[in-house]
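The values are calculated or read from the model by the stated rules, or taken from the named source; none is laboratory data. Quick caveat: nothing in here was measured; it's all calculated off a predicted structure. Cβ atoms come from the backbone with ideal geometry, glycine included; neighbour counts cover every protein chain shown.
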Ligand SMILES: *[C@@H]1O[C@H](CO)[C@@H](O)[C@H](O)[C@H]1NC(C)=O
Ligand SMILES: *[C@@H]1O[C@H](CO)[C@@H](O)[C@H](O)[C@H]1NC(C)=O
Ligand SMILES: *[C@@H]1O[C@H](CO)[C@@H](O)[C@H](O)[C@H]1NC(C)=O
Ligand SMILES: [Zn+2]
């Protein structure tokens, strides 16, 4: 904390305790107790004036990222990275190569880079096929779900029970034994509907099903299956589980409602190997005044084992790197440390991030702001923010600096699997909100490629990320808690 000044968020009781303990020891404090309290009341307007002093530097960052020499660089870097490495599922050789690639690339930009070891899950898809054999033959496009067991080598051939909800499964529980349960739940929202992908297998196993096929969690489909993590419940039989396409789920639903018998043959070679060695990749510009205080920017480097992982979350990882490079290119160095972390094994439940939190939470009071971009890097529309009202006032001022690119909106609820432990512990957190109405069309599917990315949108995302991170890291005081 700077110059013995108390943090803004101190309640009057803790302020009283603070003053009684600290003041006698620090007669050099520039304020009397009364004026300290007045300070707290005035701080917001002081802060607004201070932040407004960054208008020029914000313009420099925006100009370089969006109109200057760095134009299209985020996109070019993402394309080079994902075209070269491909997708990067937890435990894969590709993920190792991705970490080495980023280590080298960020070092070449003059950033201080190091790796922090993490043990991560190692699930392997293997070969998988599904075919409807009754009432007619038809191939079903599937993607097994992360952590699913495989089928026996000869596969599973069984009659199908189609349901549209967990409630319907309960009502029809007596029909489920020995069957493959097909969930044809409507898409409401990702947050709500993903429960079918996550828990469908265990719910079906409880009523005696031998496997589950789940309608992909997407509002739009051109016969594309979408994968993702699923969770077996303890003490419940583990049955194979995969996602099918919206089209095939609706097809089997219609056939079943006509009273026709459906039989599916499913083969899945999925298996889980012992945990693998991996790393969180960390790059820094060390702060000149408070090197121990940190603004953390992040995205995750792993992806699913389909498509290129360009959108989820190659884009978030690249803009978190690029933001530091832009700041470095401009010869800027903030008071506090800017730290980019490229998480490993996010898709398996934020494994790398949880380990980082466990290791570094001892320094929680030095974490000024944690940021994550994992909702796409399309046109930025706002910054989502979790923090106290006092911190929100500061952030509102910071966002005004983005007026030249029309991204001045500050919303509530920062989100991101990887930063959520910090936010839950009271550290201010921010996430990038982009025009994401098509995000779940491509999410966790073969459709997540460079083709969905746009160079200008990525430049704008980089500019938002760089301005917010730089200014918050350079202000006199940490964000109030
Ligand atoms: C950036 O890409 C756009 C096309 O998307 C192109 O018109 C422009 O010239 C490129 N700028 C640079 C500096 O390469
Ligand atoms: C905690 O911060 C101190 C002081 O900056 C640093 O020396 C130490 O390495 C940090 N510990 C961890 C686990 O990051
Ligand atoms: C911001 O909005 C103004 C006014 O609508 C427009 O002229 C400008 O092109 C926009 N800038 C960006 C980067 O979208
Ligand atoms: Zn992601």
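Considering every residue within the range 347-369, establish whether at least one is under 17 Å from the mean Cα position of the chain (by Cα), away from ligand 1 (no atom under 16 Å from the Cβ), at positive phi and in contact (Cβ under 8 Å) with a residue 40 or more places away in the chain. Yes, the conditions are met somewhere in the range 347-369. The conditions of being within 16 Å of ligand 1 (Cβ to nearest atom) and over 28 Å from residue 222 (Cα atoms) are not met by residue 451. Taking the range 200-231, which residues are surrounded by fewer than 18 Cβ atoms within 10 Å (Cβ to Cβ) and within 22 Å of the chain's Cα centre (by Cα)? Across the range 200-231, the qualifying residues are 219, 220, 231.
What single numbered condition from (1) under 30 Å from residue 119 (Cβ atoms); (2) more than 16 Å from ligand 2 (Cβ to nearest atom); (3) touching a strand residue (DSSP E or B) at 6+ places or on another chain (Cβ under 8 Å) fails to hold for residue 367? So the condition that residue 367 fails would be (2). For residue 307, the test of being at pLDDT 95 or above, at positive phi, in a loop (DSSP other than H, G, I, E, B) and not assigned by TED's automatic domain parsing to the domain that holds residue 81 is failed. Residue 313 falls short on exactly one of the conditions (1) over 24 Å from residue 270 (Cβ atoms); (2) under 13 Å from the mean Cα position of the chain (by Cα); (3) in a helix (DSSP H, G or I), and that condition is (1).
Annotation note: of 431, 445, the sole residue that is at negative phi, assigned by TED's automatic domain parsing to the domain that holds residue 60 and within 14 Å of the chain's Cα centre (by Cα) is 431.
Against the numbered list (1) more than 16 Å from ligand 4 (Cβ to nearest atom); (2) outside any helix (DSSP H, G or I); (3) under 24 Å from residue 229 (Cβ atoms), residue 332 comes up short only at (3). Where strands (runs of 3 or more DSSP E) fall wholly inside the range 140-223, the ranges with 1 or more residues that are over 21 Å from residue 270 (Cα atoms) are 156-163. Scanning the range 70-108 for residues that are closer than 22 Å to residue 227 by Cβ and part of a loop (DSSP other than H, G, I, E, B), we see that the one that is farthest from ligand 1 (Cβ to nearest atom) is 91.
Rundown of residues vs (1) within 19 Å of the chain's Cα centre (by Cα); (2) under 18 Å from residue 343 (Cα atoms); (3) free of Cβ contacts under 8 Å to residues at least 40 places away in the same chain; (4) surrounded by fewer than 21 Cβ atoms within 10 Å (Cβ to Cβ), yes/no style:
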site	(1), (2), (3), (4)
65	no, no, no, no
70	no, no, no, no
73	no, no, no, no
88	yes, yes, no, no
91	yes, yes, no, no
110	no, no, no, yes
115	no, yes, no, yes
118	yes, yes, no, no
121	yes, yes, no, no
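Count of the range 110-121 residues, restricted to those that are closer than 13 Å to residue 284 by Cβ and touching a strand residue (DSSP E or B) at 6+ places or on another chain (Cβ under 8 Å), is 6. Is there a residue being under 22 Å from the mean Cα position of the chain (by Cα) and farther than 20 Å from residue 232 by Cα anywhere in the range 144-164? Among the residues of the range 144-164, not one is under 22 Å from the mean Cα position of the chain (by Cα) and farther than 20 Å from residue 232 by Cα, which makes the answer no.
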